[in-house]
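A.B. asks: A single structure is presented below for examination.
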Amino acid sequence: NGANADIAITTHGSDWYFAVCAVMTVAAFTFIGLGFRKHRRDRVFHYITAAVVFVAAIAYFTMGSNLGFTPIEVEFPRSDPKVSGQFREIFYVRYIDWFITTPLLLTDLLLTAGMPWPTVLWVILVDEIMIVTGLIGALVRSSYKWGYFVFGCVALGYILYHLVWESRRHAIGLGSDISRTFFMCGTLTAVLWVLYPIAWGVCEGGNVISADSEAVFYGILDLLAKPVFGALLIWGHRNIDPARLGM
Ligand code: RET
């Protein structure tokens with residue numbers, strides 16, 4: 001353990017990852033279970049949201065098992081700047097998770113706002129650009145990584161504009177229960193999603209905080225953005241007939 005401390009390898013990091021994995025798994029079965037109380041036709045939000053937390057559970061199982069990462073040489077060494085050749089673990093499995101789950105979360109939101117499918121598709125495509133540029137930036141060693149980061153941030157800006165302006169206005173036209181649910185889940189999403197690039201900037205990007213702090217930062221964000229978001233969304237839909245959303 002002394003040796004582990006010297007090279008900044010955690011001995012409890014995986015406990016936290018497995019704890020988040022457990023929460024995601026329980027949430028997934030809960031969302032599916034709640035769906036059984038509705039007619040098959042009315043379960044779309046249960047299925048989408050359960051899929052999000054199932055995928056997250058597997059990603060967290062992977063990280064808890066200390067898999068799904070690759071060492072990347074850092075641009076800014078954390079301990080001794082004179083020592084070159086320092087590496088950081090980059091969990092690429094996060095991006096596989098996000099590539100699947102962020103489009104599903106956006107589908108949850110845009111369907112709640114009753115947006116037509118071409119809009120849903122378009123916002124998802126922009127989201128996929130955001131995730132892929134983030135992954136490439138994380139794997140790049142040189143300062144070009146910040147170029148990818150900027151592309152990703154522009155994509156995020158466009159997505160947020162859609163949520164807080166286009167979709168919100170559309171939801172308002174569909175009645176107070178729909179617009180209240182959209183406002184609640186959309187606001188939570190807008191606030192949390194802005195924090196992801198900040199986490200990226202101090203972890204994969206600038207190597208400012210340790211891998212342990214990274215686990216906590218992203219972990220709390222993921223718990224709020226997936227199970228907490230999902231519970232609010234499903235609760236918000238309890239009295240909304242999907243037919244009113246054009247489904
Ligand atoms: C990256 C880096 C590139 C710039 C931006 C990013 C944004 C990521 C976001 C991720 C959201 C993830 C969620 C996961 C659910 O658990 C890729 C970090 C803007 C917004 C909601």
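A.B. asks: Okay, which of region 204-239 sit inside 12 Å, backbone N to the point 7 Å along the Cα-Cβ direction of residue 180?
C.D. replies: In region 204-239, the label zone of residue 180 (backbone N under 12 Å from the point 7 Å along Cα→Cβ) covers 236-239.
A.B. asks: Take every Cα pair under 8 Å in the chain that's 6+ residues apart, average their separations, divide by the length, and report that relative contact order as a whole percent.
C.D. replies: 21 percent
A.B. asks: Per residue, what accessible area does region 141-246 have, given a 1.4 Å probe and all protein chains present, in Å²?
C.D. replies: With the other protein chains kept in place, region 141-246 gives 46 Å² per residue.
A.B. asks: Further, regarding this structure: For the pair residue 164 and residue 39, how long in nm is the line joining their label points, each one 7 Å along Cα→Cβ?
C.D. replies: 3.9 nm
A.B. asks: What Kirkwood Rh does region 59-194 have if only Cα atoms enter the pairwise 1/r average? Answer in Å.
C.D. replies: When all Cα pairs of region 59-194 are included, the Kirkwood radius is 16.7 Å.
A.B. asks: Also, quick follow-up: Roughly how compact is the chain, stated as its Cα Rg over 2.2 N^0.38 Å to two decimals?
C.D. replies: Taking N as the residue count of the chain, the ratio is 1.08.
A.B. asks: Loop-only check: which trypsin sites (Lys or Arg not before Pro) in region 122-189 are DSSP coil with at most 11 other Cβ within 10 angstrom?
C.D. replies: Sites meeting the loop and neighbour criteria: 141.
A.B. asks: Please calculate how many Å² of accessible area region 49-138 carries per residue, with a 1.4 Å probe and no DNA, RNA or ligand atoms counted.
C.D. replies: That works out to 43 Å² per residue.
A.B. asks: Now for a separate question. Rounded to the nearest 0.05, what FRET efficiency do residue 202 and residue 22 give with R0 = 22 Å and r taken as the Cβ-Cβ distance? Could you check?
C.D. replies: 0.25
A.B. asks: What's the carbon and sulfur percent of the chain's accessible surface, probe 1.4 angstrom, rounded to a whole number?
C.D. replies: Percent of accessible area from carbon and sulfur atoms in the chain: 70.
A.B. asks: Within 10 Å of each candidate Cβ there may be at most 11 other Cβ atoms; applying that plus a DSSP loop requirement, which trypsin sites (Lys or Arg not before Pro) in region 51-127 survive?
C.D. replies: 82
A.B. asks: Using the Cα centre of the chain as the reference point, and only Cβ charges (+1 on K/R, -1 on D/E), how large is the resulting charge dipole? Debye, rounded to the nearest 20.
C.D. replies: The dipole of the chain has a size of about 840 debye.
A.B. asks: Can you figure out the FRET efficiency of residue 210 with residue 47, using R₀ = 45 Å and their beta-carbon distance, to the nearest 0.05?
C.D. replies: In this case the efficiency is close to 0.75.
The values are calculated or read from the model by the stated rules, or taken from the named source; none is laboratory data. For clarity, every value in this text was computed on a predicted model and none was experimentally measured. Every residue, glycine as well, gets a Cβ built from its backbone with ideal geometry; the counts of neighbours run over all protein chains shown. Note: areas computed on protein heavy atoms with side chains; ligands, DNA, RNA excluded. Shrake-Rupley method; radii C 1.70, N 1.55, O 1.52, S 1.80 Å.
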